[in-house]
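Only one structure is covered here, and it is reproduced in the block below.
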Amino acid sequence: MQSSEERHKSSTRKDRMHIHCHLEPAKTTVVYETYWRFAAERQAIFFKRIEGAAFPWTSDPILEKYKFTNAYRASDRVSQYLIRNVIYQGVSSTKEVFFRIMLFKLFNRIETWKLLKEKFGEITYEDYSFERYDKILSCALDSGRIFSGAYIMPSGTSAFGYRRKHRNILRLVENMMEDDVPARVSEVRSMQQVFEILLDYPMIGEFLAYQLATDINYSEITNFLEMDFVMPGPGARDGIRKCFESLGGLNEAEMIRLMADRQEEEFDNFGLSFKSLWGRPLQLVDCQNLFCEVDKYARLAHPEVPGRSKRKRIKQMYRVNPVPIQYWYPPKWGINMSVCEST
């Protein structure tokens with residue numbers, strides 16, 4: 001008779017054969033299963049935490065020790081702050097909401113936004129002044145950090161001429177406002193067109209343009225499905241290569257879409273219980289982010305699968321942030337009533 005471990009291995013092999021049958025000629029690695037297990041466990045941690053369970057919220061030693069984003073991008077602390085405190089607080093005109101989103105996201109640091117709020121009160125483009133903002137940000141930079149480490153932006157020196165990046169960012173935002181980008185993005189017919197408008201500006205590469213387009217789409221400026229468009233970042237591309245020996249002629253964006261389309265089937269294939277975001281399935285941006293996170297996770301869980309970057313360590317350790325998050329999502333998603341009832 002087979003042991004329970006042998007039965008599990010046999011079942012897993014059958015699952016992978018089934019996956020191959022559907023994904024031919026794309027071929028998966030052992031990390032492919034880890035992708036789905038990571039997504040399910042990370043989402044389980046999310047719900048355990050908001051339901052008041054005590055730390056640690058997982059028996060997975062990697063997830064317990066190291067920092068990973070949520071399965072859903074909009075559930076991360078910075079995204080939650082953006083949605084509740086930046087997008088949906090303040091003057092609601094297209095111009096002012098766009099200005100706030102750009103100013104917040106190009107620094108991507110809650111403490112920097114709070115500093116500006118403390119100094120200026122309500123943050124508006126109507127009252128914006130390069131000199132005043134530069135003075136506050138320069139002083140803050142002299143004594144600490146004003147940028148998030150979530151992603152690296154070019155300095156912008158070649159485009160705007162300043163040695164300090166924050167000054168180039170301020171000029172970048174000014175250029176967008178002067179070019180009437182808020183109105184332009186509100187009139188386009190797809191998220192990809194928003195992405196293309198943003199990509200025309202210095203300091204904004206493909207990955208950042210996609211992230212900003214997603215952030216704008218949390219607001220009422222645009223109203224596109226998050227299943228409309230995706231642009232994989234460097235980490236996601238590495239995660240995809242770890243999950244697949246061969247993409248079989250598909251590109252990375254197509255592979256992300258395939259994951260989003262197959263999510264229910266794959267959770268079932270691996271016997272996983274995945275608790276969605278109050279009925280909202282994983283979207284393209286979430287599946288993209290999960291590839292990036294699995295790239296990191298696999299450095300320790302599957303060191304035999306090096307990927308393209310060959311990185312072997314995870315830099316950021318997890319530290320419990322005692323400040324609670326009152327979860328709240330874009331109202332157009334229609335899930336906030338369920339969120340309130342659950343929390």
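The values are calculated or read from the model by the stated rules, or taken from the named source; none is laboratory data. Just so we're clear, the structure is a prediction, and the values are computed from it rather than from any experiment. In this analysis, Cβ positions are derived from the backbone assuming ideal geometry, glycine residues included, and neighbour counts consider all displayed protein chains.
Values computed for the structure shown
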quantity: Contacts under 7 angstrom Cβ, first residue in segment 326-337 being at pLDDT 95 or above, partner exposed (fewer than 12 other Cβ atoms within 10 Å of the Cβ), 6 or more apart; calculated: Lys332/Asn223; Ile335/Gly279
quantity: Any hit, segment 299-306, residues being assigned to a helix (DSSP H, G or I) and in contact (Cβ under 8 Å) with a residue 40 or more places away in the chain; calculated: yes
quantity: Hits in segment 182-198 (condition: in a helix (DSSP H, G or I) and of a type in the set (S, T, N, Q)); calculated: Ser186, Gln192, Gln193
quantity: Selected residue (criterion: surrounded by the most Cβ atoms within 10 Å (Cβ to Cβ)) from residues of segment 115-143 that are among the polar types (S, T, N, Q) and over 27 Å from Ser93 (Cα atoms); calculated: Ser138
quantity: Candidates Leu277, Leu300, filtered to the one that is in the same structural domain as Glu33 (by TED's automatic domain parsing), touching a helix residue (DSSP H, G or I) at 6+ places or on another chain (Cβ under 8 Å), hydrophobic (A, V, I, L, M, F, W, C) and crowded, with 17+ Cβ neighbours inside 10 Å; calculated: Leu277
quantity: Residue that is within 27 Å of Gly52 (Cα to Cα) and small (Gly, Ala, Ser), where the choices are Gly271, Gly307; calculated: Gly271
quantity: Lone unmet requirement of (1) polar (S, T, N, Q); (2) modelled with pLDDT of 95 or more; (3) in a helix (DSSP H, G or I) for Thr12; calculated: (2)
quantity: Sole residue being β-branched (Val, Ile, Thr), closer than 24 Å to Trp113 by Cβ, surrounded by 14 or more Cβ atoms within 10 Å (Cβ to Cβ) and without any contact (Cβ under 8 Å) to a residue 40 or more places away in the chain, chosen from Ile152, Ile216, Ile169, Ile146; calculated: Ile146
quantity: Given (1) outside the structural domain of Ala298 (by TED's automatic domain parsing); (2) buried (at least 20 other Cβ atoms within 10 Å of the Cβ), index of the condition Phe224 fails; calculated: (2)
quantity: Pairs, first charged (D, E, K, R) in segment 192-206, second assigned to a helix (DSSP H, G or I) and surrounded by 22 or more Cβ atoms within 10 Å (Cβ to Cβ), C-beta under 9 Å, six or more apart; calculated: Glu206/Phe195
quantity: Filter result for Ser246 (of a type in the set (S, T, N, Q), over 25 Å from Leu277 (Cβ atoms), surrounded by fewer than 19 Cβ atoms within 10 Å (Cβ to Cβ) and touching a residue at least 60 places away in the same chain (Cβ under 8 Å)); calculated: yes
